[in-house]
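In what follows, a single structure is set out as structure tokens and then discussed.
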Amino acid sequence: MISGCTSYLWVAGVCVVAYYLFKIAKYFARLCNESLWSKTFDFQKYGNWAVVTGGSDGIGKALTMEFAQSGMNVFILARTKQKLENMEKEIKSMYKVSVKTLAVDFSKEDIYQAIQDEVSELDIAVLVNNVGMTHPEPIALLDVPNVEKYSNDVIHVNTFALMKLTAMILPQMTSRKGGIVVNVSSVIGSTISPFFALYGATKSCMNTFTEAMRQEYSDSGVIFQCIAPAITATPAVASRTKSNFMIPSSALFGKYAIKAIGKSAYTNTSFLWHNVFQLMLYVLPNVVFFNAMRKGVEDALINTKKE
Ligand SMILES: NC(=O)c1ccc[n+]([C@@H]2O[C@H](COP(=O)([O-])OP(=O)(O)OC[C@H]3O[C@@H](n4cnc5c(N)ncnc54)[C@H](OP(=O)(O)O)[C@@H]3O)[C@@H](O)[C@H]2O)c1
């Protein structure tokens, strides 16, 4: 009886170990497949255009430059016309590709007809839902200045735009039986993020939306992917974060991200420290992260008083 029980336990143990070994092997296979030395996905087999929201600065700009370098035409959407014009000039001076820009504010709902008019003419291979906003420092929801407007804007910029653009561009991808929808999420979308409560919730929404779409359209030829960076030195975080060996510049992150696009369902790219951070969120008890955030709130308060 006891020896029967032991052998069941032994088999169960072997299965569990095999399962985790398989997961670890898959994880390292993804890292290799997305490494800086790997081949970039052949985007042009799906079309000639990449559409990037929030593509005039930070991670969006870095990705747009990478697409242009790979020979893709780019359509960039952001608010500031001058920045868009500068970027168009910069890209055209460096690469022989077409560039389209549109100045729109994703916190508004009345912008989508203007976008539809532009995209209906383009054969879009890649849609990057990159635009996102949050408050810069960790802070409790009710302490956010003008919290009602902030909440409205975050929901529109981080989630409404994602749904609207996906629904707008997906039909042309499914009819061509190919395309990639890349949603730029955040590592904190995979956990609970006190003091970035609403931002974290919108990023979790992005993660589950992406996976659900991936399942719903699994036979369509369209690839749905979440790219989840950890902290990256972009203008959004420039006041408190400079790049160092653990924090990539947006240009460097773009180089990692372009290698990841189209190759996995959820990725932090192969940038080592973003993977380490993600792993810590999975492995360490939540309370460690919560306490770190609390410390962040205290530090931010001290810095504000100093200023
Ligand atoms: N940086 C990080 O540490 C980090 C970490 C994890 C995830 N992410 C995610 O990565 C994405 C990009 O972040 P980022 O740090 O690169 O941002 P960023 O440096 O602030 O760049 C934002 C871009 O979006 C545009 N934009 C901002 N608000 C907009 C609006 N309401 N309507 C239209 N365009 C708007 C900006 O141009 P205009 O100002 O001219 O509109 C700019 O082109 C976001 O989804 C963010 O959540 C970032």
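Taking the options Lys96, Lys108, name whichever one is more than 16 Å from the ligand (Cβ to nearest atom), assigned to a loop (DSSP other than H, G, I, E, B), among the charged types (D, E, K, R) and over 14 Å from Ala50 (Cα atoms).
After applying the criteria, what remains is Lys96.
Could you figure out which of (1) within 16 Å of the ligand (Cβ to nearest atom); (2) in contact (Cβ under 8 Å) with a residue 24 or more places away in the chain; (3) surrounded by fewer than 18 Cβ atoms within 10 Å (Cβ to Cβ); (4) hydrophobic (A, V, I, L, M, F, W, C) isn't true of Ile247?
(3)
Can you say whether Ser70 is among the hydroxyl-bearing types (Ser, Thr, Tyr), over 19 Å from Cys226 (Cβ atoms), within 16 Å of the ligand (Cβ to nearest atom) and touching a helix residue (DSSP H, G or I) at 6+ places or on another chain (Cβ under 8 Å), as far as the supplied structure shows?
no
Mind listing whichever residues of the stretch 13-60 are surrounded by fewer than 21 Cβ atoms within 10 Å (Cβ to Cβ) and of a type in the set (Gly, Ala, Ser)?
Those that are surrounded by fewer than 21 Cβ atoms within 10 Å (Cβ to Cβ) and of a type in the set (Gly, Ala, Ser): Gly13, Ala18, Ala25, Ala29, Ser35, Ser38, Gly47.
Please go through the stretch 73-86 and pick out each residue that is more than 9 Å from the ligand (Cβ to nearest atom) and within 23 Å of Leu252 (Cβ to Cβ).
Scanning the stretch 73-86 gives Val74, Asn86.
Restricting to the stretch 116-151, give me the number of residues that are aliphatic (A, V, I, L, M), within 16 Å of the ligand (Cβ to nearest atom) and closer than 14 Å to Val51 by Cβ.
Of the residues in the stretch 116-151, 5 are aliphatic (A, V, I, L, M), within 16 Å of the ligand (Cβ to nearest atom) and closer than 14 Å to Val51 by Cβ.
For the condition among the β-branched types (Val, Ile, Thr) and part of a helix (DSSP H, G or I), what is the one hit in Ile223, Ile258?
When all the criteria are applied, what remains is Ile258.
Among the numbered conditions (1) part of a helix (DSSP H, G or I); (2) under 13 Å from the mean Cα position of the chain (by Cα), tell me where Asn303 comes up short.
Answer for Asn303: the failing condition is (2).
No lab work stands behind these numbers, since they all come straight from the coordinates. These figures come from a predicted structure and were not determined experimentally. Here Cβ is always computed from backbone atoms with ideal geometry, including for glycine, and neighbour counts include all displayed protein chains.
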